[in-house]
Amino acid sequence: MTTLPQHTDRKLGLVIDLDTCVGCHACVISCKGWNTENYGAPLSDQSAYGADPSGTFLNRVHSYEVQPEVGTAHLVHFPKSCLHCDDAPCVTVCPTGASYKRVEDGIVLVNESDCIGCGLCAWACPYGAREMDVAEGVMKKCTLCVDRIYNENLPEEDREPACVRTCPANARHFGDLADPNSAVSQLVAERGGVDLMPEQGTKPVNKYLPPRARDQLQGPEDSGEIDVLAPFLAPVDTGPKGFLGWLDRTLEKL
Amino acid sequence: MHPAPSVILFSSLSGLGFGLLAWLGIGLPAVTGWVAFVFFTLAYLLAVGGLIASMFHLGHPERALKAFTQWRSSWLSREAWASVAALLVMAAYGAGLVFFDARWWPLGVIGAALSLLTVLTTSMIYTQMKTVPRWHSLWTPANFLSLSIAGGALLAGQVTEAMVLLALAGVVQIVTWWQGDQALASSGTDMATATRLGDIGSVRAFEPPHTGSNYLLREFVYVLGRKHAAKLRIIAILLMAFVPLLLLLSPVLHHLAAALAVLSHAAGVLTARWLFFAQAEHVVGLYYGKR
Ligand code: SF4
Ligand code: SF4
Ligand code: SF4
């Protein structure tokens, strides 16, 4: 059913910390690893070892350079997967009912055996969170690792999305954003978590924590400080001496 | 947006076909027997041909029937219903004209309304996309409907009506382009809202997620040179409206001129529809710094 539920009991989602993400792409790999071999059609690659490789990914990490008015530019790594929007436009456009949002936890999923591969849901998503698999002709998207988070065959600590489990910088957090007392909700409140493209009216569940203010890097010319090691770092040998020096000067003159 | 030939063919041809069906539905021209048969065959070839072309766009055409289930929320599903309803009603109405020499006019009027409804639902598939500001405007349905009705009049041989409607469709097309050119800038979506990093400073895409291409870039980040776009717009508007108008005004060679007018119009609509996709900027391009 592609009409959206009025209310979801929980809002499971991710909180992504742009301050601590180091752009290692480990989450990209673990996401692809888990999701290509578990639920639904595998995430195919085309010409993986060729000149123009491409493939289906459910999570991608962009990098942006942000130039403040004064000071040096910041480099911000920016992971992006489905934001499991409350008002998900990708769901309502689907003609077949393949796309749906779950009432119990708000996860947005695709029932691949109903998908006709029209691509409309990917058009409707402002975030580029849906990708049509070229080999299978069906729509793929982040499932919030629905086959991990409730999976009693996995040890307790593994019952969270693969990206969250793998992130070495602890930049990804998983939890219920409908519960104001959950760790993720408190993190959002504390750090001023934001929605991406709020003007699109999608009401994303996933939140992004903006980077904290940086220390200002100051060169000696700004601060008047001189590095105590500077004299030792000056080049010792300014040019060849002796025979080599003579040769060098002579060759210069020619 | 990637200008997929199947979708361009579908929306242009079926627009013309349903436009012609609408005119036949209201009895203009009031044909029966063999002449009606020829008109209806042409209309069905265009309308159904377009629909079949659109099937090539699907990853799983064998499941297409499932697309009838979600009419409550999905414009694509509504389009499926409207098109089938229009084709069935007009088939019954056409059978009356061709085989029984009878004009069951209530059926014709309903069929005409359903035909235009089909064109409206097609245009709404694009209009609903907030992610493509150029499409997210009432000018999109105005553009699709005015072209369909004018092209239908031309095919139906309604010369006076066609001349007025072609001029009107041409004007609507130009306004649609003009407003579309400002749509992304005035949509309020830019790199700052996409990344929410705008409070720190100006945002520049530094590295894309992968060195290679991907589905998103192929489907949504089609970039067309401005110079080509301007040239193609002139070609489109000339072929779509000016040339047919001149041909219809010419006193000589009536049938040949009409046939040429139809061909020119169709070529103009195809060009404009190609531009409709090729120039449409999807906001996901912002994440790739491609806007
Ligand atoms: S991020 Fe995109 S795919 Fe995910 S729910 Fe929102 S609109 Fe749909
Ligand atoms: S591609 Fe599949 S999931 Fe997406 S709108 Fe079409 S049928 Fe629905
Ligand atoms: S694994 Fe963590 S640190 Fe690495 S790119 Fe993903 S979110 Fe960033």
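The values are calculated or read from the model by the stated rules, or taken from the named source; none is laboratory data. Please read these numbers as outputs of a predicted model, since none were measured by experiment. Don't worry about glycine lacking a Cβ; one is built from the backbone with ideal geometry, like all the others, and counts go over all protein chains shown. Areas reflect the complete protein model, heavy atoms only, side chains present, ligands, DNA and RNA absent. Shrake-Rupley method; radii C 1.70, N 1.55, O 1.52, S 1.80 Å.
Does any residue of region A:163-204 lose at least 40 Å² of accessible area with all protein chains in place compared with its chain alone, and if so which ones (probe 1.4 Å)? Relative to the lone chain, where solvent access is computed with a 1.4 Å probe, region A:163-204 loses at least 40 Å² at A:M197, A:E199, A:Q200. Residue by residue along B:283-291, Cβ atoms of other protein chains within 10 Å of the local Cβ number 4 on average. A 1.4 Å probe run over region B:38-143, with the rest of the protein chains in place, finds 45 Å² accessible per residue.
Take the Cβ atoms of A:L75 and B:M55, set R0 to 41 Å, and the FRET efficiency comes out at 0.35. Peptides B:204-214, A:54-64 ranked from most to least packed, by the mean per-residue count of other Cβ atoms within 10 Å: A:54-64, B:204-214. Solvent-accessible surface, computed for protein heavy atoms with a probe of 1.4 Å, shrinks by 50 Å² or more for the following residues of region A:103-124 when the other protein chains are added to the isolated chain: A:I116, A:L120, A:W123. Projecting the Cα atoms of B:V269, B:W34, B:G180 onto the dipole axis of chain B, where Lys and Arg carry +1 and Asp and Glu carry -1 at the beta carbon, places B:G180 farthest toward the positive end. Averaging over all projection directions, find the projected area of the Cα convex hull of the protein assembly as shown and quote it in nm² with one decimal place. Averaged projected area of the protein assembly as shown's Cα convex hull equals 38.3 nm². Between A:A48 and B:A185, the modelled labels are 4.6 nm apart [label points 7 Å from Cα along Cα→Cβ].
Averaged per residue, region B:158-291 has 49 square angstrom of accessible surface, using a 1.4 angstrom probe with ligands and nucleic acids left out.
Accessible surface calculations at 1.4 Å, restricted to protein heavy atoms, place chain A at 49 Å² per residue.
Annotation for B:F100 and A:L254: the two label points, set 7 Å from Cα along the Cα-Cβ direction, are 10.7 nm apart. Each principal axis of region B:1-73 carries a Cα extent, and these read 41, 28, 21 Å when sorted largest first. A 25 angstrom limit on the alpha carbon distance is what I want to check against. Which of B:K130/B:K231; A:K32/B:K66; A:K11/B:K290; A:K11/A:K140 exceed it? The answer is B:K130/B:K231; A:K32/B:K66; A:K11/B:K290. Placing dummy labels 7 Å off each Cα toward the beta-carbon, the span from B:V223 to A:S113 is 4.4 nm. Contact residues in region A:62-91 (at least 50 Å² less accessible area with all protein chains than alone, 1.4 Å probe): A:H62, A:S63, A:Y64, A:E65, A:V66. For the segment B:67-80, counting C-beta atoms of other chains within 10 Å of every residue's C-beta and taking the mean gives 6.
Entry note, chain B: the mean residue ellipticity at 222 nm calculated from DSSP H runs of n ≥ 4, each adding -39500 (n - 2.57), is -22000 deg cm²/dmol after division by the residues and rounding to the nearest 500.
Overall, the anisotropy analysis places region A:19-100 in the oblate class: the square-rooted eigenvalues a ≥ b ≥ c of its C-alpha gyration tensor yield a/c not less than 1.5, with a/b not exceeding b/c. Across region B:158-291 the C-alpha pair distances fall into 10 Å bins from zero in the proportions 11, 31, 25, 17, 11, 5, 1 percent.
Measuring nothing but protein heavy atoms, the accessible surface of region A:1-130 at 1.4 Å probe radius is 55 percent carbon and sulfur.
Under the rule a/c < 1.5 gives rounded, and otherwise a/b versus b/c splits prolate from oblate, where does chain B land using the Cα gyration tensor? The shape class here is prolate.
Nearest 10 degrees, 0 to 90: what angle lies between the long axis of helix B:33-55 and the longest principal axis of chain B (Cα atoms)? The two axes meet at around 20 degrees.
Inter-part distance, region A:15-43 to region B:169-212, computed on C-alpha centroids, equals 27 Å. Ligands, DNA and RNA left out, the accessible area of chain B computed with a 1.4 Å probe is 74% carbon and sulfur.
Counting Cβ atoms of other protein chains within 10 Å of each Cβ in A:42-52 and taking the mean gives 1.
Rounded is the label for region A:12-209. Its Cα gyration tensor axes, ordered a ≥ b ≥ c, give a/c under 1.5. The angle between the Cα long axis of helix B:75-99 and the longest principal axis of the Cα atoms of chain B comes to about 10 degrees, rounded to the nearest 10.
Take the accessible area of B alone and of A alone, subtract that of the pair with a 1.4 Å probe, and the total buried over both chains is about 4800 Å².
What whole number of Å gives the distance from the Cα centroid of region B:218-291 to the Cα centroid of region B:107-134? About 20 Å separates the Cα centre of region B:107-134 from the one of region B:218-291.
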